Amino acid sequence: MRTPLRLIGVLAAALVFAAGCTEDPLATPSESTGGLKPTAAGTASTALASLKIADAHPMTGYSRDRFPHWRSAGTGCDVRDKVLQRDGKNVKLTGCNVTGGTWVSWYDDTTQTELTKVDIDHMVPLANAWRSGADKWTDDQRSDFANDMERPQLFAVSASSNRSKGDQDPSTWKPPSQGAWCVYAQDWITVKAYYKLTITAKEKDALSAMLATCA
């Protein structure tokens, strides 16, 4: 079960990023796996309406190396380790490195106890970000995006769901667990709004349909 963040003022946050600030005063670090409350569908719908619709940018020049990750997060520790620690239960460590634990993958309602079966997913994939505006950023900005634990952008999920998703947007991939659709859509919109990334018309339609599942 995901532990929600307090509501994020996504529109104000987007303006903060546009002004070049590195901190969002309205955002709080993720607790467990982050995300907005399902009751925030109205806020998410407002944010979705504010996003610019545009065709996908070409992939010319794209490389995962243009989004440097994983950043150091302490002695012998990186952001990936921190996400595994945050999202896991009974996590075992050797120094700062995660060596074991249990992870509930909210994308597909599976429980993983083997590290080889756990991936760290970027809510908005790096390639999708490139196609929707990150191709115009600096590598430092792309690194901020790829390592962002403030927004609902990084999650420990099953490797099978992460690899099935790849770099697809919600118009072509949704979490296998339909119960995750509401929060998944909210999180996707939160990240895109904060970073002022564009969406396609089909992506917007899919997000609207997913928000309609919110209780």
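The values are calculated or read from the model by the stated rules, or taken from the named source; none is laboratory data. It should be emphasised that the depicted structure is a prediction, and the values quoted were computed from it without experimental measurement. Methodologically, a virtual Cβ is constructed for each residue, glycine included, from the backbone with ideal geometry; neighbour enumeration extends over all protein chains shown. These area figures cover heavy atoms from the full protein model, side chains too; ligands, DNA and RNA do not enter into them. Shrake-Rupley method; radii C 1.70, N 1.55, O 1.52, S 1.80 Å.
Here are the numbers:
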| item | result |
| --- | --- |
| Residues being within 15 Å of the chain's Cα centre (by Cα), more than 24 Å from H57 (Cβ to Cβ) and polar (S, T, N, Q) - total across the stretch 128-184 | 2 |
| Restricting the stretch 44-75 to residues that are without any contact (Cβ under 8 Å) to a residue 60 or more places away in the chain and assigned to a helix (DSSP H, G or I), the residue that is surrounded by the most Cβ atoms within 10 Å (Cβ to Cβ) | T46 |
| Contacts under 8 angstrom Cβ, first residue in the stretch 198-215 being open to solvent by less than 60 Å² (accessible area, probe 1.4 Å), partner in a helix (DSSP H, G or I) and of a type in the set (V, I, T), 6 or more apart | L207/I189; C214/T39 |
| For C96: the one exception among (1) over 20 Å from the mean Cα position of the chain (by Cα); (2) hydrophobic (A, V, I, L, M, F, W, C); (3) under 20 Å from S160 (Cβ atoms) | (3) |
| Count of residues meeting criterion [buried (at least 17 other Cβ atoms within 10 Å of the Cβ), among the hydrophobic types (A, V, I, L, M, F, W, C) and not in a helix (DSSP H, G or I)] in the stretch 76-106 | 5 |
| Condition met for T111 (more than 13 Å from Y195 (Cβ to Cβ) and touching a residue at least 40 places away in the same chain (Cβ under 8 Å)) | no |
| Some residue of the stretch 127-144 being in contact (Cβ under 8 Å) with a residue 12 or more places away in the chain, touching a His at 6+ places or on another chain (Cβ under 8 Å) and under 20 Å from V83 (Cα atoms) | yes |
| Boolean, D81 is modelled with pLDDT of 90 or more and of a type in the set (D, E, K, R) | yes |
